[in-house]
Amino acid sequence: MNNKGYVSPETSERIQNIINDLNYKPLHSARKLATRKTGNIGYIIWESHFSEVEMFYSQIFLGMEYAARESDYYILLTTVKDDFDPKTDLPRFLKYNDVDGVVLAGRVPHSLVEYLDKQRMPFVLVDYGIPGKIYNSVLIDNYNGAFSAVESLIQSGRKRIAFVGGTFSHPSIKERFRGYKEGLESYNLISDGHLKKYTYLEDAETSREIGEKGVSILLTEKLLPDAIFCCNDTTALGALTEIQRKKLKIPQDIAVVGFDDIPTAAFNLPKLSTVRVPKLLLGKEAFKLLNDVIDNPRLPAQTRLISTEFIKRESS
């Protein structure tokens, strides 16, 4: 049954037919004893990432689940608190050594990463990196995604392009801001004071409220922005709301672009232009990389970069 040792094709076929007739499935706990593996993979995200609005990380989880269906692994999901302490808040599947590896999605406590590293537990970071450390990770090509969004706005005639964002300590947001800035620079659209005048950054979890607040402040400028690039779709949806509240037309007066392509983006009024991140692919790639690490613990740490695609809709 494990394809080990020699069995004649005839015998193998006869046994496989009996297995199919009886609908036999190996007992998971018995296989755990035989293989010394739990057959489980943990998926951990911060509580604040797991909300009805922020569906991004739920889609990554679904991608992992799809990939796991072709294997013998179960995916166990849990969240950790914002003020995480490994001494008191360790997820149960880590406390009882009930997983073979872990995927950490989005911004996660550095103390948790340090704990896993110390315990030599195989793990993969998704959409996150820790400065000065090299870990196995699956990242989005945030820079080129942002650059392409800004380039599209410029090519449609926009010149005063603003940036609105939250969670600026997150590496992905920093890369999106870098793509925005260098996109403007490549077309010579950054004059003295441009970034100070047309940038709103808040080091708090991204939200509609940040989008609304950012637009409200940007609209106090004498020369209004003619486009706004938001760090993600959730923020962009808030920006759209505030622009409409101020009785300005989208995209005639101000164009808006987000990032991620969450399901709500395509059904909003107006439909939101955005940078599509293949979230299911992120999850599948994370699962594959973690399997490689589990099977070959001595593999050097690697980063797999997932490409994005600009999606032009009504808001731009």
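For the chain, just the Cα atoms, rotate onto the principal axes and tell me the three extents in Å, largest first.
Dimensions of the chain along the principal axes of its Cα atoms: 80, 44, 33 Å.
By counting other Cβ atoms within 10 Å of each Cβ, how are 167, 199 ranked from fewest to most? Please list the in-between numbers first.
Working: 167 22, 199 16.
Exposure proxy ranking, most exposed first: 199, 167.
What percent antiparallel are the DSSP beta bridges of segment 217-316, to the nearest 5?
40
Connecting C-alpha atoms closer than 10 Å in a GNM of the chain, tell me which of 192, 233, 89 has the biggest fluctuation.
192
Please give the length that would be gained between residue 245 and residue 199 if that part of the chain were fully extended, namely 0.36 nm times their separation in residues minus their C-alpha to C-alpha distance (nm, one decimal).
Between residue 245 and residue 199, full extension yields 14.5 nm more.
Determine the distance separating the Cα centre of segment 269-284 from the Cα centre of segment 91-162; give it in Å without decimals.
Their Cα centres are 16 Å away from one another.
Give me 168, 267, 147, 123 sorted ascending by neighbouring Cβ count inside 10 Å, so fewest comes first.
Ordered from fewest to most neighbouring Cβ atoms within 10 Å, 168, 267, 147, 123 come out as 267, 168, 147, 123.
If you rank 110, 194, 170, 49 by fewest surrounding Cβ atoms within 10 Å, what's the result?
110, 194, 49, 170
Anyone know which of 152, 191, 58 comes out most mobile in the 10 Å Cα GNM of the chain?
Per the Cα network of the chain with a 10 Å cutoff, 191 tops the list.
More than 20 Å apart: what percent of Cα pairs in segment 142-276 qualify?
Taking all Cα-Cα pairs of segment 142-276, the fraction more than 20 Å apart is 35 percent.
Here is the link list: 25/288; 213/284; 81/284. Which ones come out longer than 28 Å on Cα distance?
Beyond 28 Å: 213/284.
Which of 45, 19, 161 moves the most in a Gaussian network model of the chain with Cα springs under 10 Å?
19
For segment 48-163, I need the span (max minus min coordinate) of the C-alpha atoms along each principal axis, in Å, sorted largest to smallest.
58, 34, 29
Residue 191 to residue 253: FRET efficiency via 1/(1 + (r/R0)^6), r the Cβ-Cβ distance, R0 22 Å, to the nearest 0.05?
Efficiency for this residue pair is about 0.55.
The numbers here are math on the coordinates, done by the rules we state, and not lab data. This one's a predicted model, so the numbers in the text were calculated from it and none came from an experiment. Every residue, glycine among them, receives a Cβ derived from its backbone with ideal geometry; neighbour counts consider all protein chains shown.
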